[in-house]
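A.B. asks: Pasting a structure below so you can have a look.
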Amino acid sequence: MQIAGSSALVTGGASGLGAATVRRLHSGGASVVIADRNVEVGQQLAAELGERVQFVEVDVADETTMRKAVEQAVSSFGGLHIAVNCAGVGMAQKILSRGGVHDLSVFSFVIQVNLVGSFNALRLAAEQMQNNAPSAEGERGVIINTASIAAFDGQIGQVAYSASKGGIVGMTLPAARELARYGIRVMTIAPGTFDTPLLAGLPEQARVSLGEQVPFPSRLGRPAEYADLAAHIVENTMLNGEVIRLDGALRMAPK
């Protein structure tokens, strides 16, 4: 899939990995819809990039607003060829602690946003992509989901987060197999510790310590590195049905 001239949608596109992906796809010549709950930041990014970028307020787990974002890409940019799902939340809580048992509503909320939200965006994007004219190789679209290395190395207190990201990993291959008949590829990126707003509130020493745990390079990942991988996936037609760890060989300890 060529980025230039394509229409893309990025959930969680207002900040962090999503914003870096919006910038990368836009600089490559794509038209991009930013789908996010953060209206102020999303609109600022759209205004900064200007031409070929629009913002839509979205709750990724809600069918109505997510469908609106997909339809916005189709009506404004003539179709939808690329979808990158970066929206997500992270909430730490132990199953058993001095404060009591794990709050079921917290677990449900994390699953709803991370897993159900990713599937909601995937299914609605695929619904539109099937209508695209195929490329010379029969390709009609590319969908990239975002998991985490916590899907494989979940730490204490990450049971909800790891479960949600593990679900994204688990649906990658069956989704790719099912959508292959339509020429739609499905891939997942599993980032390690990245310098995103999720970590921005930590003290600098804590951020440095997290980076030093990465074998090489011993630093936090840069959102632009995620975006570069997403762009490569879009352009490499043979990448399909796989999860790529982007973590500098990090394997997280139990805590």
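Matching residues to (1) under 21 Å from S15 (Cα atoms); (2) surrounded by fewer than 21 Cβ atoms within 10 Å (Cβ to Cβ); (3) without any contact (Cβ under 8 Å) to a residue 12 or more places away in the chain; (4) within 17 Å of the chain's Cα centre (by Cα):
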| position | (1), (2), (3), (4) |
| --- | --- |
| Q128 | no, no, no, no |
| S148 | yes, no, no, yes |
| D153 | no, yes, no, no |
| Y161 | yes, no, no, yes |
| G166 | no, yes, no, yes |
| Y182 | no, yes, no, no |
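A.B. asks: Here are some residues: F107, F119, F77. Which one is modelled with pLDDT of 95 or more, buried (at least 16 other Cβ atoms within 10 Å of the Cβ), closer than 25 Å to Y161 by Cα and over 18 Å from the mean Cα position of the chain (by Cα)? Working first, answer last.
C.D. replies: Values: F119 fails: over 18 Å from the mean Cα position of the chain (by Cα); F77 fails: closer than 25 Å to Y161 by Cα.
Criteria check complete, one pass: F107.
A.B. asks: Step by step: first the residues of the range 226-255, then only those that are without any contact (Cβ under 8 Å) to a residue 40 or more places away in the chain and under 19 Å from Q2 (Cα atoms), then the one that is surrounded by the fewest Cβ atoms within 10 Å (Cβ to Cβ). Which residue is that? Working first, answer last.
C.D. replies: Our first condition is that a residue be without any contact (Cβ under 8 Å) to a residue 40 or more places away in the chain; within the range 226-255, this holds for 232, 236, 238, 249.
When the remaining residues are screened for being under 19 Å from Q2 (Cα atoms), the result is 232, 236, 238.
On the way: H232: 11, N236: 13, M238: 7.
Taking the candidates together, the pick is M238.
A.B. asks: For A133, which of the numbered conditions (1) farther than 30 Å from H102 by Cα; (2) surrounded by 15 or more Cβ atoms within 10 Å (Cβ to Cβ) fails to hold?
C.D. replies: (2)
A.B. asks: Sticking with this structure for a sec: Among the residues of the range 64-117, write down those that are within 27 Å of E51 (Cα to Cα) and acidic (D, E).
C.D. replies: E71
A.B. asks: Report the residue count in the range 12-64 for those that are assigned to a loop (DSSP other than H, G, I, E, B), under 18 Å from V89 (Cβ atoms) and of a type outside the set (A, V, I, L, M).
C.D. replies: Going residue by residue through the range 12-64, those that are assigned to a loop (DSSP other than H, G, I, E, B) are 12-15, 28-30, 37-38, 50-52, 58-62.
Now restrict to residues that are under 18 Å from V89 (Cβ atoms): 12-15, 37-38, 58-62.
Next, from what is left, pick out any that are of a type outside the set (A, V, I, L, M): 12-13, 15, 37-38, 59, 62.
Of the residues in that region, 7 qualify.
A.B. asks: Pick from the range 208-225 the residues that are within 19 Å of A19 (Cβ to Cβ) and not aliphatic (A, V, I, L, M): which of them is surrounded by the most Cβ atoms within 10 Å (Cβ to Cβ)?
C.D. replies: Just the residues of the range 208-225 that are within 19 Å of A19 (Cβ to Cβ), to begin with: 220-225.
With the extra rule that they be not aliphatic (A, V, I, L, M), the set shrinks to 221-223, 225.
Details: G221: 21, R222: 15, P223: 23, E225: 17.
Across the range 208-225, the extreme among qualifying residues is P223.
A.B. asks: Please tell me if S108 is touching a helix residue (DSSP H, G or I) at 6+ places or on another chain (Cβ under 6 Å), of a type in the set (S, T, N, Q) and farther than 21 Å from H232 by Cβ. Before you say what the answer is, go through the steps one by one.
C.D. replies: Values: touching a helix residue (DSSP H, G or I) at 6+ places or on another chain (Cβ under 6 Å): no; of a type in the set (S, T, N, Q): yes; farther than 21 Å from H232 by Cβ: yes.
So S108 does not fit the description; no.
A.B. asks: Is one or more of the residues making up the range 172-180 buried (at least 16 other Cβ atoms within 10 Å of the Cβ), within 18 Å of the chain's Cα centre (by Cα) and either more than 22 Å from G248 (Cβ to Cβ) or modelled with pLDDT under 95 (or both)?
C.D. replies: yes
The values are calculated or read from the model by the stated rules, or taken from the named source; none is laboratory data. Since we're looking at a predicted model, the values are computed, not measured. All Cβ positions, glycine included, derive from the backbone under ideal geometry; neighbour counts span all protein chains shown.
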